[in-house]
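Chemist: Okay, here's the structure, questions in a sec.
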Amino acid sequence: MELTEDQIYRYSRNILLPEVGGVGQERLLCSKIFCLGVGGLGSPIALYLAAAGVGTLGVADSDRVDISNLQRQVLHYTNDIGRLKTHSAKEKLEQLNPDIKVNVYEELITERNIRDILRGYDIVIDGSDNFPTRYLLNDACYFEKKTLVSGAILGFEGQVSVFKTHAGGPCYRCLYPEIPPVGMIPSCQEAGILGAVAGIIGTIQALEALKEVLQIGTTLEGRLLVFNALPMHVTEVNINKDPGCLLCGENPSIHKIERYEQPGYEPKRTPIPG
(Lines give C-alpha, C1' and ligand atoms only; values in the text may rest on other atoms or scores of the structure.)
Protein backbone atom coordinates (compact mmCIF):
# COMPACT_ATOMS: atom_id res chain seq x y z
CA MET A 1 0.00 0.00 0.00
CA GLU A 2 1.04 3.63 -0.42
CA LEU A 3 0.61 6.16 2.39
CA THR A 4 -1.54 9.20 1.73
CA GLU A 5 -0.37 12.70 2.62
CA ASP A 6 -2.70 12.73 5.63
CA GLN A 7 -1.30 9.40 6.83
CA ILE A 8 2.29 10.57 6.41
CA TYR A 9 1.48 13.54 8.64
CA ARG A 10 -0.60 11.57 11.16
CA TYR A 11 2.09 8.94 11.63
CA SER A 12 5.07 11.23 11.09
CA ARG A 13 6.55 10.59 14.55
CA ASN A 14 6.48 6.86 13.84
CA ILE A 15 7.92 7.31 10.36
CA LEU A 16 10.79 9.47 11.64
CA LEU A 17 12.10 6.48 13.59
CA PRO A 18 14.71 4.65 11.45
CA GLU A 19 13.41 1.33 12.81
CA VAL A 20 9.92 2.11 11.50
CA GLY A 21 9.97 4.43 8.50
CA GLY A 22 7.36 4.40 5.78
CA VAL A 23 7.71 0.66 5.20
CA GLY A 24 7.09 -0.08 8.87
CA GLN A 25 4.06 2.19 8.97
CA GLU A 26 2.62 0.45 5.94
CA ARG A 27 3.19 -2.85 7.73
CA LEU A 28 1.27 -1.55 10.75
CA LEU A 29 -1.63 -0.42 8.57
CA CYS A 30 -1.80 -3.89 7.02
CA SER A 31 -1.60 -5.70 10.36
CA LYS A 32 -4.46 -7.37 12.22
CA ILE A 33 -4.39 -7.64 16.01
CA PHE A 34 -6.97 -9.18 18.32
CA CYS A 35 -7.38 -8.12 21.95
CA LEU A 36 -9.50 -10.19 24.32
CA GLY A 37 -10.94 -7.76 26.86
CA VAL A 38 -11.31 -3.98 26.75
CA GLY A 39 -11.08 -3.35 30.46
CA GLY A 40 -8.11 -2.36 32.60
CA LEU A 41 -5.51 -3.89 30.29
CA GLY A 42 -7.45 -3.81 27.04
CA SER A 43 -8.18 -0.08 27.25
CA PRO A 44 -4.56 1.12 26.95
CA ILE A 45 -3.74 -1.75 24.62
CA ALA A 46 -6.47 -0.79 22.17
CA LEU A 47 -5.82 2.96 22.45
CA TYR A 48 -2.13 2.71 21.63
CA LEU A 49 -2.59 0.18 18.84
CA ALA A 50 -5.27 2.36 17.25
CA ALA A 51 -3.15 5.48 17.59
CA ALA A 52 -0.15 3.69 16.05
CA GLY A 53 -2.18 2.80 12.97
CA VAL A 54 -2.79 -0.92 13.36
CA GLY A 55 -5.09 -1.41 10.38
CA THR A 56 -7.52 -3.96 11.80
CA LEU A 57 -8.17 -4.20 15.50
CA GLY A 58 -10.45 -6.88 16.92
CA VAL A 59 -11.83 -6.36 20.42
CA ALA A 60 -13.89 -8.85 22.40
CA ASP A 61 -15.74 -8.35 25.67
CA SER A 62 -19.18 -9.52 26.77
CA ASP A 63 -19.44 -7.19 29.78
CA ARG A 64 -21.11 -3.81 30.18
CA VAL A 65 -19.50 -0.68 31.59
CA ASP A 66 -19.93 -0.33 35.35
CA ILE A 67 -19.10 2.73 37.42
CA SER A 68 -16.43 0.72 39.28
CA ASN A 69 -14.60 0.20 35.96
CA LEU A 70 -13.92 3.88 35.37
CA GLN A 71 -11.05 4.10 37.85
CA ARG A 72 -8.81 2.20 35.41
CA GLN A 73 -10.67 1.36 32.17
CA VAL A 74 -9.81 4.55 30.34
CA LEU A 75 -11.65 3.72 27.12
CA HIS A 76 -14.96 4.18 28.91
CA TYR A 77 -16.55 7.33 30.33
CA THR A 78 -19.29 8.04 32.84
CA ASN A 79 -21.95 8.35 30.15
CA ASP A 80 -21.01 4.86 28.93
CA ILE A 81 -22.26 3.17 32.10
CA GLY A 82 -24.58 0.34 31.09
CA ARG A 83 -23.31 0.15 27.51
CA LEU A 84 -21.54 -2.88 26.10
CA LYS A 85 -17.82 -2.33 26.47
CA THR A 86 -17.26 -3.30 22.84
CA HIS A 87 -19.64 -0.57 21.64
CA SER A 88 -18.02 2.03 23.89
CA ALA A 89 -14.54 0.93 22.77
CA LYS A 90 -15.35 0.94 19.05
CA GLU A 91 -16.76 4.47 19.28
CA LYS A 92 -13.66 5.88 21.01
CA LEU A 93 -11.15 4.03 18.83
CA GLU A 94 -12.77 5.16 15.59
CA GLN A 95 -12.87 8.73 16.85
CA LEU A 96 -9.19 8.49 17.71
CA ASN A 97 -8.23 7.08 14.33
CA PRO A 98 -10.75 6.80 11.46
CA ASP A 99 -8.01 5.09 9.39
CA ILE A 100 -8.50 1.79 11.18
CA LYS A 101 -11.14 -0.92 11.11
CA VAL A 102 -12.48 -2.07 14.49
CA ASN A 103 -14.15 -5.48 14.65
CA VAL A 104 -16.17 -6.12 17.81
CA TYR A 105 -17.10 -9.45 19.37
CA GLU A 106 -19.66 -8.92 22.08
CA GLU A 107 -20.48 -12.58 22.59
CA LEU A 108 -18.79 -14.68 25.25
CA ILE A 109 -15.55 -16.16 23.88
CA THR A 110 -15.59 -19.92 24.36
CA GLU A 111 -13.95 -23.10 23.11
CA ARG A 112 -16.59 -23.17 20.37
CA ASN A 113 -15.79 -19.87 18.67
CA ILE A 114 -12.29 -18.83 19.66
CA ARG A 115 -10.32 -20.60 16.93
CA ASP A 116 -12.54 -19.24 14.18
CA ILE A 117 -12.05 -15.72 15.54
CA LEU A 118 -8.27 -15.93 15.93
CA ARG A 119 -7.70 -17.19 12.38
CA GLY A 120 -8.31 -13.72 11.02
CA TYR A 121 -5.55 -12.05 13.04
CA ASP A 122 -1.76 -11.92 13.07
CA ILE A 123 -1.18 -11.34 16.79
CA VAL A 124 -3.33 -12.02 19.86
CA ILE A 125 -3.24 -10.01 23.10
CA ASP A 126 -4.64 -11.25 26.38
CA GLY A 127 -6.41 -8.49 28.32
CA SER A 128 -8.61 -10.89 30.28
CA ASP A 129 -9.11 -10.93 34.04
CA ASN A 130 -9.50 -14.63 34.89
CA PHE A 131 -7.54 -17.86 34.61
CA PRO A 132 -9.97 -19.98 32.54
CA THR A 133 -9.89 -17.38 29.77
CA ARG A 134 -6.07 -17.16 29.86
CA TYR A 135 -5.72 -20.91 29.40
CA LEU A 136 -8.37 -20.92 26.69
CA LEU A 137 -6.53 -18.19 24.80
CA ASN A 138 -3.13 -19.83 25.24
CA ASP A 139 -4.32 -23.15 23.90
CA ALA A 140 -6.15 -21.56 20.98
CA CYS A 141 -3.01 -19.63 20.02
CA TYR A 142 -1.01 -22.85 20.16
CA PHE A 143 -3.37 -24.69 17.79
CA GLU A 144 -3.75 -21.69 15.47
CA LYS A 145 0.00 -20.91 15.54
CA LYS A 146 -0.49 -17.32 16.72
CA THR A 147 1.83 -15.12 18.75
CA LEU A 148 0.31 -14.37 22.17
CA VAL A 149 1.12 -11.27 24.21
CA SER A 150 0.10 -12.06 27.78
CA GLY A 151 -0.43 -9.68 30.68
CA ALA A 152 -1.78 -9.80 34.23
CA ILE A 153 -2.25 -7.25 37.02
CA LEU A 154 -3.10 -7.25 40.71
CA GLY A 155 -2.68 -4.57 43.36
CA PHE A 156 0.52 -2.71 42.57
CA GLU A 157 2.04 -5.48 40.44
CA GLY A 158 1.90 -6.69 36.88
CA GLN A 159 3.43 -9.26 34.53
CA VAL A 160 3.99 -9.38 30.78
CA SER A 161 5.38 -12.03 28.44
CA VAL A 162 5.26 -13.03 24.77
CA PHE A 163 4.56 -16.64 23.79
CA LYS A 164 5.52 -17.89 20.32
CA THR A 165 5.05 -21.62 20.66
CA HIS A 166 4.74 -22.02 16.89
CA ALA A 167 8.35 -20.79 16.65
CA GLY A 168 9.60 -23.31 19.19
CA GLY A 169 9.19 -21.23 22.34
CA PRO A 170 7.35 -22.03 25.57
CA CYS A 171 3.64 -21.55 26.10
CA TYR A 172 1.71 -20.13 29.06
CA ARG A 173 1.31 -23.64 30.46
CA CYS A 174 5.09 -24.03 30.59
CA LEU A 175 5.05 -21.18 33.11
CA TYR A 176 1.78 -22.03 34.89
CA PRO A 177 0.91 -25.69 34.18
CA GLU A 178 -2.54 -25.75 35.78
CA ILE A 179 -5.36 -23.36 36.63
CA PRO A 180 -4.98 -22.43 40.30
CA PRO A 181 -7.96 -23.14 42.55
CA VAL A 182 -10.26 -20.28 43.44
CA GLY A 183 -8.97 -18.43 46.49
CA MET A 184 -5.29 -19.15 45.91
CA ILE A 185 -4.81 -15.92 43.95
CA PRO A 186 -7.30 -13.11 44.68
CA SER A 187 -8.95 -11.19 41.87
CA CYS A 188 -8.75 -7.43 41.37
CA GLN A 189 -12.32 -7.26 42.63
CA GLU A 190 -11.14 -8.87 45.87
CA ALA A 191 -7.69 -7.36 46.32
CA GLY A 192 -7.88 -4.11 44.32
CA ILE A 193 -5.77 -2.62 41.57
CA LEU A 194 -4.22 0.82 41.19
CA GLY A 195 -5.48 2.07 37.84
CA ALA A 196 -2.13 3.39 36.63
CA VAL A 197 -0.63 -0.10 37.02
CA ALA A 198 -3.13 -1.39 34.47
CA GLY A 199 -2.08 1.44 32.19
CA ILE A 200 1.61 0.57 32.47
CA ILE A 201 1.16 -3.16 31.85
CA GLY A 202 -1.33 -2.69 29.03
CA THR A 203 0.97 -0.19 27.33
CA ILE A 204 3.86 -2.64 27.55
CA GLN A 205 1.65 -5.29 25.95
CA ALA A 206 0.79 -2.89 23.13
CA LEU A 207 4.48 -2.08 22.68
CA GLU A 208 5.41 -5.76 22.45
CA ALA A 209 2.72 -6.32 19.82
CA LEU A 210 3.96 -3.36 17.77
CA LYS A 211 7.53 -4.68 17.95
CA GLU A 212 6.31 -8.05 16.71
CA VAL A 213 4.54 -6.46 13.74
CA LEU A 214 7.52 -4.25 12.91
CA GLN A 215 10.01 -7.06 13.59
CA ILE A 216 12.25 -4.75 15.61
CA GLY A 217 14.06 -4.96 18.93
CA THR A 218 13.97 -7.86 21.35
CA THR A 219 10.57 -8.88 22.61
CA LEU A 220 9.70 -10.63 25.87
CA GLU A 221 9.55 -14.05 24.21
CA GLY A 222 10.93 -16.54 26.72
CA ARG A 223 11.02 -13.90 29.45
CA LEU A 224 8.52 -12.81 32.09
CA LEU A 225 8.70 -9.13 33.02
CA VAL A 226 7.52 -8.58 36.60
CA PHE A 227 6.66 -5.01 37.62
CA ASN A 228 6.10 -3.74 41.16
CA ALA A 229 4.99 -0.13 41.41
CA LEU A 230 5.60 0.43 45.13
CA PRO A 231 9.42 0.13 45.01
CA MET A 232 9.30 0.94 41.25
CA HIS A 233 11.11 -2.30 40.57
CA VAL A 234 11.24 -4.39 37.39
CA THR A 235 12.64 -7.90 37.28
CA GLU A 236 12.86 -10.60 34.63
CA VAL A 237 12.41 -14.34 34.88
CA ASN A 238 13.45 -16.68 32.09
CA ILE A 239 10.72 -19.01 30.85
CA ASN A 240 11.98 -22.33 29.52
CA LYS A 241 10.00 -24.69 27.35
CA ASP A 242 8.75 -27.53 29.55
CA PRO A 243 9.28 -30.92 27.87
CA GLY A 244 6.52 -32.26 30.12
CA CYS A 245 4.01 -29.55 29.18
CA LEU A 246 0.57 -31.04 28.65
CA LEU A 247 0.05 -28.85 25.57
CA CYS A 248 3.38 -28.24 23.82
CA GLY A 249 5.63 -30.84 25.47
CA GLU A 250 7.14 -34.00 24.06
CA ASN A 251 4.12 -36.17 24.90
CA PRO A 252 1.15 -33.81 25.02
CA SER A 253 -2.19 -34.93 26.42
CA ILE A 254 -4.16 -31.87 25.25
CA HIS A 255 -5.13 -32.35 21.61
CA LYS A 256 -8.06 -29.97 21.32
CA ILE A 257 -9.51 -26.99 23.12
CA GLU A 258 -11.76 -27.93 25.98
CA ARG A 259 -14.02 -25.88 28.21
CA TYR A 260 -11.78 -24.68 31.01
CA GLU A 261 -13.32 -24.16 34.41
CA GLN A 262 -11.95 -22.93 37.70
CA PRO A 263 -13.98 -24.44 40.53
CA GLY A 264 -15.99 -21.68 42.16
CA TYR A 265 -15.40 -19.17 39.35
CA GLU A 266 -18.39 -17.47 37.75
CA PRO A 267 -17.90 -15.08 34.79
CA LYS A 268 -18.83 -11.54 35.82
CA ARG A 269 -21.86 -10.00 34.19
CA THR A 270 -22.68 -6.36 34.74
CA PRO A 271 -26.47 -5.85 34.74
CA ILE A 272 -28.15 -3.24 32.60
CA PRO A 273 -29.20 -0.28 34.80
CA GLY A 274 -32.93 -0.11 35.47
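Condition check ((1) assigned to a strand (DSSP E or B); (2) at pLDDT 95 or above) across all residues:
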{"position": "A196", "(1), (2)": "no, yes"}
{"position": "E212", "(1), (2)": "no, yes"}
{"position": "T218", "(1), (2)": "no, yes"}
{"position": "T235", "(1), (2)": "yes, yes"}
{"position": "P243", "(1), (2)": "no, yes"}
{"position": "I257", "(1), (2)": "no, no"}
{"position": "Y260", "(1), (2)": "no, no"}
{"position": "I272", "(1), (2)": "no, no"}
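Chemist: Residues that are surrounded by fewer than 24 Cβ atoms within 10 Å (Cβ to Cβ), out of contact with any Leu (no Cβ under 6 Å at 6 or more places or on another chain), at pLDDT 95 or above and farther than 24 Å from F156 by Cα: does the range 67-79 have at least one?
Modeler: yes
Chemist: Condition check: aliphatic (A, V, I, L, M) and at pLDDT below 95. Does V182 satisfy that?
Modeler: Numbers: aliphatic (A, V, I, L, M): yes; at pLDDT below 95: yes.
Criteria met by V182.
Chemist: Would you be able to say whether some residue in the range 230-246 is touching a Phe, Trp or Tyr at 6+ places or on another chain (Cβ under 7 Å) and buried (at least 16 other Cβ atoms within 10 Å of the Cβ)? I'd like the intermediate steps shown before the answer.
Modeler: Let us first name the residues in the range 230-246 that are touching a Phe, Trp or Tyr at 6+ places or on another chain (Cβ under 7 Å), namely 230, 234.
Pick out the ones that are also buried (at least 16 other Cβ atoms within 10 Å of the Cβ) and you get none.
No: the range 230-246 contains no residue that is touching a Phe, Trp or Tyr at 6+ places or on another chain (Cβ under 7 Å) and buried (at least 16 other Cβ atoms within 10 Å of the Cβ).
Chemist: Within the range 21-71, which residues are in contact with a Cys (Cβ under 7 Å, 6 or more places away or on another chain) and over 23 Å from R83 (Cβ atoms)?
Modeler: G55 - this is the single residue of the range 21-71 that is in contact with a Cys (Cβ under 7 Å, 6 or more places away or on another chain) and over 23 Å from R83 (Cβ atoms).
Chemist: Just wondering, is there one or more residues in the range 20-33 that are surrounded by 24 or more Cβ atoms within 10 Å (Cβ to Cβ) and either out of contact with any Lys or Arg (no Cβ under 9 Å at 6 or more places or on another chain) or among the hydrophobic types (A, V, I, L, M, F, W, C) (or both)? Explain how you work it out, then say what you get.
Modeler: Quick first cut of the range 20-33, residues surrounded by 24 or more Cβ atoms within 10 Å (Cβ to Cβ) only: 33.
Narrowing further to those that are either out of contact with any Lys or Arg (no Cβ under 9 Å at 6 or more places or on another chain) or among the hydrophobic types (A, V, I, L, M, F, W, C) (or both): 33.
Checking the range 20-33: at least one residue is surrounded by 24 or more Cβ atoms within 10 Å (Cβ to Cβ) and either out of contact with any Lys or Arg (no Cβ under 9 Å at 6 or more places or on another chain) or among the hydrophobic types (A, V, I, L, M, F, W, C) (or both).
The values are calculated or read from the model by the stated rules, or taken from the named source; none is laboratory data. Keep in mind the model is a prediction, meaning the values are calculated, not measured. In this analysis, Cβ positions are derived from the backbone assuming ideal geometry, glycine residues included, and neighbour counts consider all displayed protein chains.
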